[in-house]
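Asker: Sharing a structure below in structure tokens format, with a few things to ask.
The values are calculated or read from the model by the stated rules, or taken from the named source; none is laboratory data. Not measured: the values here are computed from a predicted model. Here Cβ is always computed from backbone atoms with ideal geometry, including for glycine, and neighbour counts include all displayed protein chains. Accessible surface is based on the protein model in full, side chains and every heavy atom, while ligands, DNA and RNA are left aside. Shrake-Rupley method; radii C 1.70, N 1.55, O 1.52, S 1.80 Å.
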Amino acid sequence: MFTPWNISCPVNILRGQLKHTWLENQVCNKSTDDVANLWRTRSWDNVIGEFFPYRINQSMQLSNDMVSGFSPAQLVDQLGPLQNLPDESRSRLKEVLHSAYLESSGISTLSELLSQELEGFEQEFSEFITVWNVERTDENESALRDGWNQLQQVANSLLAVFETLPKGVVLP
Amino acid sequence: MNLPSVLVIDDQYVLDQAERQTFIDHASVIDTEQCDGIHDSALAEAVFCSGQRRDGDVITNDYEVIHTAVAGETGNGSDWALVLLDVRFDSGQVDEVGLPKGQPEDDHFGEGVRKRLALDFPDLLLVMLSGKKQQELRDLDTPYLSKTGLTPREFALCLLCYGRLSVDQRRALLGLHDNIATYSPHTLEVFREALAIADSAMPVLIMGETGTGKEVLARYIHESSSRNDKPFVAVNVAAIPSELVESELFGHEKGAFTDAKQERPGRFLQASDGTLFLDEIGDMPVATQAKVLRVLQNGEVLPVGGKNTLSVDVRVIAATSRDLAAMQKAGAFREDLTRRISSATLIIPPLSERTEDIAPIARMFLEKYSRQSGKEGITFAEEAIAALKNHPYQGNVGELENIVQWLVSRKGTHSVISARDVKEALAGSFVSSAAATREKNDTPPFNSSEAEGLAWLIEMIESFPVAKDDPLLHGGKPKIEKAIHVLLQRMAGAALERFRDARNGNLNRQAAMQFLTGDETLKGKGPGRVINEIMKRKAEHRITEEDLLRLMEKWKENS
């Protein structure tokens, strides 16, 4: 993926935040013992109940927006010299750039892959949250640990996809 | 001892208490803002800084906030043993759930801060924090610490590698207790390397002169590993007759040889699931080396006389005071075995290169032998310590131990060991050095040929230290014959001590004579007879005059 100058764009800000702040720090970095402890002390009720679903939604948004979001076509509207071109020319330029980007980058495939992984994660998470919301007992903790292990496996797979995403506007 | 202070610059650890607590638990640190007491296993004190400022609903990444925190009370960053800096900071307008929406510069803020801090605080010690796994961060130019799978050991190693620490702080992070009295930076670095590899299964080769503490280091590795609740089995290969080495290591079946009255598990099996320490591996017969290599490769041992192999899971730590590369060239040690056992190599410096260790080691032995002999309150005068530090210790820690043991034996309860006491002990310590030198030399096995026996004798003479007041060196050039006689007498005497039975003090003259000369006709004869025999062989030009003159000159040079 050709992003020589890491030209930032809104989807990249979102990508970075989701990968670092959420997936790495809050999911993949958390051992089962950590999560069990957070469950017992109820320190993470808000995180699991509110933040995780929010992050999942943000990730879905990323998956939906990333094809256009990483497109070099957006630069046509940003680059000063191109702003003097007639609208029609700029429109054509955007089409050409976008087509070349779609052809060479494989971004559509990545978007589908991200979407699939997210579906898997969301499914696993919906099962996990039912285990999370039960009474804090030793017996339930065992189910919680199993649930977290499974969620982490899926999260690692999701993170691997995030690692392949571009880190800025993609040039064809 | 104060704990090292660490500054942790991470937005999430300030915004999110659960994240902060996770880091605190995994790194085993104390949060200086929130702690209400010291816990025994804490490795450091941590101060957290978000690197941001908040104006209403807007969070901004702010280098000045970081600069102020890093400057600390001293103004130059020297408050901190180490600074940990996150790679990415989330800033911007706070959204409906209270999380910042993000800004384009968030991804690179950490890297930018690192560069600016390097200019503003040139002596600052800084490590980046990352969510990637540690294996992925290994080969990067900038040091990183992974938050993923962080353990107290990983954190301790990070501090040891990159932090500004006192000697006591280093020892605490390494988990060194009073029984490992090492304080020199060089040796502490060796222990740090040992800690880094302790938990892997890779074989380790420890190199160092005799008496430097190779077994102590091997035990430290074992105690620091996940095998520490399993056996640690030590074998001194040099102490085992060559014909018994394989049986000792691999075990034997009943009837495998004449004295094998019952089956016996070998050391590999005894160390199963644990650690096997092969000391003086350089003395291992070549044929046995091949079999040990197979065990390391296949994880199976075949007892002597056995038909079926047995599985073993053993972590091998080998040690040698010899030059394995030279032995390889001479065909005495297998290159493939060297490669196999030296996946990790640790080199312990001789005591002469770490004089900071002499005083604490001496005090440790003082306490040990005082306790053993029931003599309380014996201390060293400061001048005595200074005298101890001035000695070269060719026998390394072993020699120092002998000296302290001798000193304790001559002092009473609550007495002070003076510089004079030490000098007396050191004056006699060339015998100790000889003992150490004797052990250092690769002595041929009992059934050596005459040539090997005499070659060994000459080699020992060349390394034998001479006291400055030795009569051989005074009164002009001594008569060669007489000097050689005296010299050989001393050497033979020292060599003969090797064959003294440690249990009853009796000298096994037969073995000694056989060893020295390879000649059974001399068995039962005293050292004088042996010397005469050697002189006779000298006369028969089997040892030349030039050989002996060369040895004498070398003695004078070494004095």
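Asker: Keeping every protein chain present and rolling a 1.4 Å probe, give me the accessible area per residue for region B:86-208 in Å².
Answerer: Ligands and nucleic acids excluded, the figure is 45 Å² per residue.
Asker: In whole Å, what are the Cα extents of region B:72-170 along the three principal axes, biggest one first?
Answerer: 50, 33, 25
Asker: With viscosity set to 0.692 mPa s at 37 °C, what whole-number translational diffusion coefficient in µm²/s follows for region A:28-172 from Stokes-Einstein and a Kirkwood radius over Cα pairs?
Answerer: 185 µm²/s
Asker: Another question, then. Determine by what factor the alpha-carbon radius of gyration of region B:1-96 differs from 2.2 N^0.38 Å, reporting the quotient.
Answerer: Output field value: 1.13.
Asker: Let me ask something additional. Once you have the Cα-Cα distance between A:T41 and A:D138, take 0.36 nm times their residue separation minus that, and quote the gain in nm to one decimal.
Answerer: Full-extension gain reported as 33.6 nm.
Asker: Can you give the average number of partner chain beta-carbon atoms within 10 Å of each beta-carbon in peptide B:142-151, as a whole number?
Answerer: 2
Asker: With a Förster radius of 25 Å, plug the Cβ-Cβ distance of B:H186 and B:N236 into 1/(1 + (r/R0)^6) and report the FRET value to the nearest 0.05.
Answerer: Here the calculated transfer efficiency is 0.45.
Asker: Would you mind estimating how fast region B:353-431 diffuses translationally, via Stokes-Einstein at 10 °C and 1.306 mPa s with the Kirkwood radius over Cα pairs, in µm²/s?
Answerer: Value of D from the Cα-based Kirkwood radius: 130 µm²/s.
Asker: Before I look further, what does region B:309-439 give for accessible area per residue, probe 1.4 Å, in whole square angstrom?
Answerer: Accessible surface, normalised per residue, equals 47 Å².
Asker: Using Cα-Cα distances under 8 Å and only pairs 6 or more residues apart, what relative contact order does chain A have, in percent?
Answerer: With pairs under 8 Å counted, the relative contact order is 45 percent.
Asker: Between B:T413 and B:R363, what is the spin-label point distance in nm, taking each point 7 Å from the Cα along the Cα→C-beta axis?
Answerer: With each label point 7 Å from Cα toward Cβ, the separation is 2.3 nm.
Asker: Something else now. I need the calculated FRET efficiency for the pair A:N6 and A:N84, taking r as the beta carbon distance and R₀ as 35 Å, to the nearest 0.05.
Answerer: So, using R0 = 35 Å, E works out to roughly 0.85.
Asker: Protein chains only, probe 1.4 Å: how do A:R42, B:R334 rank by accessible area, largest first?
Answerer: Solvent-accessible surface, decreasing: A:R42, B:R334.
Asker: Okay, next question. Of all the Cα-Cα pairs you can form in region A:49-88, what percent are over 16 Å apart?
Answerer: So the pairs more than 16 Å apart make up 56 percent of the total in region A:49-88.
Asker: May I pose another question? If you count, for every residue in A:22-32, the Cβ atoms of partner chains within 10 Å of its Cβ, what is the mean?
Answerer: Neighbouring Cβ atoms belonging to other protein chains average 6 per residue here.
Asker: How many percent of Cα pairs in region B:259-329 exceed 14 Å?
Answerer: Everything past 14 Å amounts to 65 percent.
Asker: Where in region A:25-39 does the label zone of A:S157 land, with the point 7 angstrom along Cα→C-beta and an amide N cut-off under 16 Å?
Answerer: Correct set: A:28.
Asker: How much accessible area per residue does region A:1-114 have, in Å², with a 1.4 Å probe?
Answerer: 46 Å²
Asker: Quote the relative contact order of region B:81-146 in percent (integer), defining contacts as alpha-carbon pairs under 8 Å separated by 6+ residues.
Answerer: 33 percent
Asker: Can you divide the C-alpha Rg of region A:16-110 by 2.2 N^0.38 Å and report the result to two decimal places?
Answerer: 1.64
Asker: Now for a different question. Just want the answer: with Cβ charges of +1 for Lys and Arg and -1 for Asp and Glu, which residue in B:L119, B:V167, B:Y144 is farthest toward the dipole's positive end in region B:94-196?
Answerer: Looking along the dipole axis, the top candidate is B:V167.
Asker: In region B:107-137, what residues drop by 40 Å² or more in accessible surface going from the chain by itself to the full protein assembly, probe 1.4 Å?
Answerer: With the partner chains in place, region B:107-137 has these residues losing at least 40 Å²: B:D107, B:G131, B:K132.
Asker: Order B:M1, B:M128, B:M364 by their accessible area, 1.4 angstrom probe, all chains in place, largest first.
Answerer: Largest to smallest exposure gives the sequence B:M1, B:M364, B:M128.
Asker: Rounded to the nearest 0.05, what FRET efficiency do B:D168 and B:N76 give with R0 = 22 Å and r taken as the Cβ-Cβ distance? Could you check?
Answerer: With R0 = 22 Å, the Cβ-Cβ based efficiency is 0.45.
Asker: In the structure displayed, which of A:K19/A:K167; B:K230/B:K261; A:K167/B:K132; B:K115/B:K147; A:K19/B:K132 lie more than 18 Å apart, Cα to Cα?
Answerer: Where the Cα-Cα span goes over 18 Å, the pairs concerned are B:K230/B:K261; B:K115/B:K147.
Asker: Still on this structure, I have one more. Rule-of-thumb check for region B:173-323: C-alpha Rg over 2.2 N^0.38 Å?
Answerer: 1.10
Asker: Note the full-extension length gain between B:D40 and B:S373 as 0.36 nm times their separation in residues minus their Cα-Cα distance, in nm to one decimal.
Answerer: Length gained, B:D40 through B:S373: 116.5 nm.
Asker: If you count, for each residue, the other Cβ atoms within 10 Å and average over each peptide, how do B:369-378, A:48-57 line up from highest to lowest?
Answerer: A:48-57, B:369-378
Asker: Kindly express, to the nearest 10 degrees and within the range 0 to 90, the angle between helix A:107-132's C-alpha long axis and the longest C-alpha principal axis of chain A.
Answerer: 20 degrees
Asker: Let me ask you something else. In Å², nearest 100, what accessible area do chains B and A bury in total when the solvent probe is 1.4 Å?
Answerer: It comes to approximately 2200 Å² buried between B and A.
Asker: Now, a different point. So how much slack lies between B:A330 and B:D120, counting 0.36 nm per residue of separation and subtracting their Cα-Cα distance, in nm?
Answerer: Full extension of this stretch gives 69.9 nm more.
Asker: How high is the relative contact order of region B:85-227, given as a whole-number percent (alpha carbon pairs under 8 Å, six or more residues apart)?
Answerer: Taking the mean separation of contacting Cα pairs over the length of region B:85-227, I get 13 percent.
Asker: Compute the angle between helix A:52-69 and the longest alpha-carbon principal axis of chain A, please, reported from 0 to 90 degrees and rounded to the nearest 10.
Answerer: The angle comes out at about 20 degrees.
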